[in-house]
Each structure stands twice: as structure tokens, then as C-alpha cells.
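A short worksheet on the structure shown next.
The values are calculated or read from the model by the stated rules, or taken from the named source; none is laboratory data. If you're wondering where the values come from, they're calculated on a predicted model, not measured in any experiment. Because the Cβ atoms are built from the backbone with ideal geometry, glycine has one as well, and the counts that use them run over all protein chains shown.
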Amino acid sequence: MLAPYLITAIRAAHEGGKILRDFYGRLDRVQRKDSSFREVVSEVDLLSERKIMEAVQKAHPQSAVWSEEAGMIGSPSANVLWIIDPVDGTVNYVNGIPFCAVSVACLVSGQLFAGVVHNPFTREYFYAQQGLGVWLNETPIRVSGARLLAEALLSCAFSSKSNSERDQEYLAFGRLNDLSRGCLRTGSAAMNLAYVACGKFSATWGRKLKVWDVAAGLLLVTEAGGCVWTDAHFRAPDLFATSCIASNGPIHQELCNQLPQLLPAATASAQGSAAAGASLSAGRRSG
């Protein structure tokens, strides 16, 4: 049975998605957020955010909300915290490319409990509840069965600003593209994770994202049986950047081995997990 928090998240994502559809192709105003010409905010981001926040706060008035544009509303230490991205993939959206999403996640006692990623143009609703599973439009979904990178379609999300590690990102992108069935840069980290959860992509990786880009999607992948590494801590919210790797599981180690310069902590974590698994397996065989 779906919990009230997940039902609220689905309804809130639906309200935000209606705004995206209503204003698609007729934006009047797009502004830069900062010095990066890729970090933009449109009037639709603000309208969608308002609708989502209204739906959440009406249903759960004691909750705190942390949204991309509005920031923190309420106490960061609240037992229930909503993390909202009203339009993930704004650059796609403002350029008439319908690959974007509304992302709504609910944390309870600091743990991801419910998450929704909704693309209103494809009418895809990806939603998950901790310990209960994950669905796409009422159909349960699972990660892909790829066993090797050579069998996998991948996606990635680069940091939006130029930095000293950008060359490494491009090198990794090219290398993984050559080793797999392709590596796509889609413009929406939330949709990347949703597509890993349903098996369209076998893995995705990204650096210097924001937590609202990935919070709901990480739960989708986990509940779909996938493997996730992230340095997001979901505590004391601020505007920190985060990195993540999400995969179907079998290709996780192979993928992390290709990203040691970019994400050394993920590589070390994957190697540690593999070593622990090998040790456990050896113990079982000897028993």
C-alpha cells in the first residue's frame, strides 16, 4: 500500500508537470542563475515550484521543504523534509527539447522514503517507496540485465561550469562511449536515474550535481535492484554539489574502474565491496 508521503509526491509532481506542459514552447523570460550560461532559470521553474510546494505544504504542513529555487523553507532538522526540483533539464526545456522532469523526494528521519520523477511530455511517472518497490505508471520495473559494459547503454551528467577537471570528464566520456553501446549526455540527471531504474540505461554517472537533481532518482534505482554510490549526505542542507554513480549492479565495478581520476572515492568503495563479496563467497565455499 502506498504511503501518504508517496501519494503526496505523485500529486505534487503531477501539478508541476501540468505547468511544464502548459507553458511549453511559449516562454517569455529566461535568466542566468550565475556566471555560467548553462545555469538558467525560467518563469516555469518558479511556477512549477510554487505548485509543488503548495501541494506538499497543504498535505503535510509540519514538513520542511528544500527546493532548487526557493531554498530551505522550515527547519533543516524537521523529521520530514521534501527535496524538490521543479524542472530538471531546464536547458532542454527552454530549447524545446522534451527531455526533462519534475523531481520530488521525501526524507523521513534523514532517510530517503519516497521519490517521484515525472516527465510530463512522455507521461512517465517513475515512483518508489522505501522497502516497497518502484513503478513506472503502475507497472513494477527493474534494472537491466547487462553483465558487461560492452552490453550496456550509459548516460552521464557533467558539471555545468568549466573547471580544472573538465578534460578528465571528457576523456572518461569518450572512453566509456567506446567501451559500451554508447554514453549519452542527456541534460537531465533525474531522467538518467529513472532510466537506469527501468532498464533503458544500465548505468549513469555525474559530478558536481545538486542533491535535488538526484534525490528521488537514487531511491528509484535502489528500489529497482540497482547499485548506487553517492557522496550526498542529505543532512544540514545547503547548496553543496554532489556526485553519484548508479548502475544495474553487475557492471558497477567495471564502470567505477574507468573513473578513478574523477571519482576516486567511488572506485575505492566499489573495490572494497567487491573484495568483501569475494571474501564472503570464499567463506561460504569453504564451509
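Looking at region 64-98, which of the residues that are within 14 Å of the chain's Cα centre (by Cα) and not charged (D, E, K, R) is surrounded by the most Cβ atoms within 10 Å (Cβ to Cβ)?
Pass one, region 64-98, residues within 14 Å of the chain's Cα centre (by Cα): 68, 83-89.
Cutting the leftovers down to not charged (D, E, K, R) gives us 83-84, 86-87, 89.
Numbers: Ile83: 26, Ile84: 28, Pro86: 32, Val87: 29, Gly89: 26.
Restricting to residues being within 14 Å of the chain's Cα centre (by Cα) and not charged (D, E, K, R), the top hit is Pro86.
Select the strands (runs of 3 or more DSSP E) contained entirely in region 66-155, then report the ones holding at least 2 residues which are touching a Gly at 6+ places or on another chain (Cβ under 9 Å).
Values: elements: 71-73, 80-88, 101-108, 111-119, 124-129, 133-136.
Where strands (runs of 3 or more DSSP E) fall fully within region 66-155 and carry at least 2 residues being touching a Gly at 6+ places or on another chain (Cβ under 9 Å), they are 80-88, 101-108, 111-119, 124-129.
Suppose the filter is farther than 26 Å from Asn95 by Cα and at pLDDT 95 or above; does Lys58 pass it? Please lay out each step first, then the result.
Values: farther than 26 Å from Asn95 by Cα: yes; at pLDDT 95 or above: yes.
Judged against the criteria, Lys58 is a match.
Here is a yes/no grid of residues against (1) over 21 Å from Val211 (Cβ atoms); (2) outside the structural domain of Ala224 (by TED's automatic domain parsing); (3) modelled with pLDDT of 95 or more; (4) in contact with a helix residue (DSSP H, G or I) (Cβ under 7 Å, 6 or more places away or on another chain):
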| position | (1), (2), (3), (4) |
| --- | --- |
| Ser35 | yes, yes, no, no |
| Thr90 | no, yes, no, yes |
| Val102 | no, yes, yes, yes |
| His118 | no, yes, yes, yes |
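Considering each residue of region 123-136 in turn, none proves to be of a type in the set (Val, Ile, Thr), over 17 Å from the mean Cα position of the chain (by Cα) and not assigned by TED's automatic domain parsing to the domain that holds Asn192.
Would you confirm whether any residue within region 202-211 is outside the structural domain of Ala105 (by TED's automatic domain parsing), among the hydroxyl-bearing types (Ser, Thr, Tyr) and over 18 Å from Ser243 (Cα atoms)? No, that holds for no residue. Under the condition of being assigned to a helix (DSSP H, G or I) and of a type in the set (D, E, K, R), the residues counted in region 169-197 number 3.
Does Asp178 meet the test of being of a type in the set (D, E, K, R), surrounded by fewer than 22 Cβ atoms within 10 Å (Cβ to Cβ) and closer than 20 Å to His252 by Cα?
Numbers: of a type in the set (D, E, K, R): yes; surrounded by fewer than 22 Cβ atoms within 10 Å (Cβ to Cβ): yes; closer than 20 Å to His252 by Cα: yes.
Yes, satisfied.
Is it the case that Val196 is in contact (Cβ under 8 Å) with a residue 60 or more places away in the chain and under 30 Å from Ala13 (Cα atoms)? Talk me through it step by step, then tell me what you get.
Values: in contact (Cβ under 8 Å) with a residue 60 or more places away in the chain: no; under 30 Å from Ala13 (Cα atoms): yes.
Judged against the criteria, Val196 is not a match.
Evaluated against (1) buried (at least 21 other Cβ atoms within 10 Å of the Cβ); (2) modelled with pLDDT of 90 or more, Asp45 falls short on exactly one condition, (2). Restricting region 235-287 to residues that are outside any loop (DSSP other than H, G, I, E, B) and among the charged types (D, E, K, R), the residue that is modelled with the highest pLDDT is Glu254.
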